[in-house]
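For reference, the structure is listed below as structure tokens.
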Amino acid sequence: MKLKPALAASVVISAFLFVSSLICLILQPELDRIKPIWEASLILCPLLILGSYLTIKGASVRTALLLILDILFCGSVFYLSYSGALNPDFIIKRPLGVGASFEYSFLLPLLVLVASLLCIKDALNIVYGYTARGREALVFLGIRMSAMLSIILLGGILFIIIYKGIWVINWEFLTSPHRRLGQAGGISTAILGSLWMVLGAMLISSPLGIGAAIYLHEYSKSERLNRLITIAVSCLNGVPSVVYGLFGLAFLVSLFGVSLISGSIILGLINIPTIILTSQEALKSVPNSLREGSMALGATKWQTIRKVVLPSAMPGILTGVIMGVAKASGETAPIMWTAVTFTASPVQMIYGVIPDLFQPVNNLNYHLLNLIYFLGAWDVEARAWGTALVLISLVLSTNLLAIVVRNHYRKKISW
């Protein structure tokens, strides 16, 4: 579609306002340099849109009123910025001073972002002449922008963590225990503690979750029982993790003390509902014709499940295990009272291979939490960002490895 120069220029300016304001919202940079450009754009873009609108024949009063309201909003944002009413000292606080406060570095990019969206909407409406195609284009644009926003937010979070944490990453940081309450040393004990705890959780939850899913879908004949168990599992999946921690404190700590096995059991219990639900869906995706063909050839029920159903459902089952790994790696509340300590004691090994299950261990989540507590009191901010980077890297690496294994099994499936 060929656009008129004025309308094309308004689309370009609107896109610039959107991208630049979104970046400023995420990164929170100084706004002194970009502020004049925003002010000029907030004047020029509505004028170009208004000029393009006047060339439309048969425009309704309703569309004219909506366009005027959008132009007035852009003009208000320009006035607040240009007059100095919205300046670096501007801040909005809650009446009692409790809760979030909104400052200039957040409010101005937010207002510019809204103004850019209004300009994009008006420009698209003018392009399509305020027809149904224009509304359809707006809906599709909103869907695409939602997907792009998710990617931008994830990329922004990763960029900030990498940018602020990469400078502290070195061999000593990764291989030595922390000293002086995290002000020196590294995070080796936290890394090992996290790995052993997640491994223990998966060893507990994977057989139980997959076994329960196999029973519910392949063996159980009572639909009422299946529905009841599925509802119970779904409810367990929504229970806050801190409740699991309270359960572990009341029952597991009295048996095993604050230890690696207590934390692994708690994380395993948290993962079981996720693995059951995803494994059930994976088993449902296997065509019944495969089961019937196997049984017709003389295979037993278990042989059919082991040789036909499970290999076919393995990609979906591994997806549930992947989600369990990510969930176990990110939990802090349930292990605070059952498994972790902030001491730099290394993980004690039996015969150099198996960890002592009855020892408390350090953990990356708990280590990062303590470093956050110390912010402002000690110089630990750089090490906190470094710990966050290592934690994110371990989670992503584990997921990547599991995805590779899942894709390997998926290539073998054919029906």
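The values are calculated or read from the model by the stated rules, or taken from the named source; none is laboratory data. In this text, all values refer to a predicted model and were calculated from it rather than measured experimentally. For neighbour counting, all protein chains shown are included, and Cβ atoms are generated from backbone atoms with ideal geometry for every residue, glycine included. SASA here: full protein model, heavy atoms, side chains in, ligands and nucleic acids out. Shrake-Rupley method; radii C 1.70, N 1.55, O 1.52, S 1.80 Å.
A crude spin-label estimate for the pair residue 299 and residue 374, with each label 7 Å from Cα along the Cβ direction, gives 5.6 nm. FRET efficiency for the pair residue 223 and residue 343, taken as 1/(1 + (r/R0)^6) with r the Cβ-Cβ distance and R0 = 45 Å, rounds to 0.30.
In loop segments of region 4-105 as defined by DSSP, the trypsin sites (Lys or Arg not before Pro) with at most 16 further C-beta atoms inside 10 Å of their C-beta are 33, 57, 93. Computed over protein heavy atoms with a 1.4 Å probe, the carbon and sulfur contribution to the accessible area of the chain reaches 70%.
Ignoring ligands, DNA and RNA, what accessible area per residue does the chain give at 1.4 Å, in Å²? Show your work: numbers first, answer last.
Numbers: 22940 Å² over 415 residues.
The answer is 55 Å² per residue.
What the Cβ-Cβ distance of residue 239 and residue 215 gives, at R0 = 22 Å and to the nearest 0.05, is a FRET efficiency of 0.50. For the chain, find the longest principal axis of its Cα atoms and tell me its angle to the long axis of helix 310-330, 0 to 90°, nearest 10. It is inclined by approximately 70 degrees.
Listed by chain and number, the lysines whose C-alpha is less than 17 Å from the C-alpha of residue 4, apart from same-chain residues fewer than 8 away, are 57, 121. Restricting the trypsin sites (Lys or Arg not before Pro) of region 190-296 to loop positions (DSSP other than H, G, I, E, B) with no more than 14 neighbouring Cβ atoms within 10 Å leaves 221. Give the Debye-formula value of log10 I(q)/I(0) at each listed q (0.16, 0.19, 0.20, 0.21 Å⁻¹), with one equal scatterer per alpha carbon of region 237-380, two decimals each. Ignoring solvent entirely, the Cα scatterers give -0.91, -1.06, -1.11, -1.17. Between residue 61 and residue 141, what's the calculated FRET efficiency when r is the beta-carbon distance and R0 is 25 Å? Round to 0.05. After rounding, the FRET efficiency stands at 0.45. A straight chain from residue 35 to residue 103 at 0.36 nm per residue would run longer than the Cα-Cα distance by 23.0 nm.
Ranking 309, 124, 198 by Cα position along the charge dipole of the chain, where only Lys, Arg, Asp and Glu carry charges on their C-beta atoms, puts 309 farthest toward the positive end. The slack in the chain from residue 179 to residue 12, taken as 0.36 nm per residue of separation less the alpha-carbon distance, amounts to 54.8 nm.
Enumerate the residues in region 42-85 having an amide nitrogen under 16 Å from the point lying 7 Å beyond the Cα of residue 131 toward its Cβ. Under 16 Å, as judged by backbone N against the label point of residue 131, lie 56-60 of region 42-85. Placing +1 on each Lys and Arg Cβ and -1 on each Asp and Glu Cβ, with no other charges, gives the chain a dipole about its Cα centre of roughly 1360 debye.
Run the numbers for residue 307 and residue 396: contour at 0.36 nm per residue of separation, minus the present Cα-Cα distance, in nm.
28.9 nm
With the convex hull constructed from alpha-carbon coordinates only, the chain shows a mean projected area of 30.3 nm² over all directions. Partner lysines whose Cα lies under 29 Å from the Cα of residue 221, excluding those fewer than 8 positions away in the same chain, are identified as 284, 301, 307.
Where Rh denotes the Kirkwood radius from the mean inverse Cα pair distance, what is Rg over Rh for region 199-275? Present the calculation step by step, with values, prior to reporting the outcome.
Details: Rg = 13.8 Å, Rh = 13.3 Å.
With Rg and the Kirkwood Rh in hand, the quotient comes to 1.04.
Oblate is the label for region 137-262. Its Cα gyration tensor axes, ordered a ≥ b ≥ c, give a/c of at least 1.5 and b/c at or above a/b. Relative to one another, the C-alpha centroids of region 57-87 and region 319-356 are positioned 55 Å apart. Building the convex hull from the alpha-carbon atoms of region 1-93 and averaging its projection over directions returns 7.9 nm².
Computing Rg and the Kirkwood Rh from the Cα coordinates of region 102-183 gives a ratio, Rg/Rh, of 1.29.
Once you sort the root eigenvalues of the Cα gyration tensor of region 36-152 as a ≥ b ≥ c, which label holds: rounded (a/c under 1.5), prolate (a/b larger than b/c) or oblate (the other case)? The shape class here is prolate. Between region 4-32 and region 224-288, what is the separation of their alpha carbon centroids in Å? Spelled out, the Cα-based centre of one part sits 46 Å from the other.
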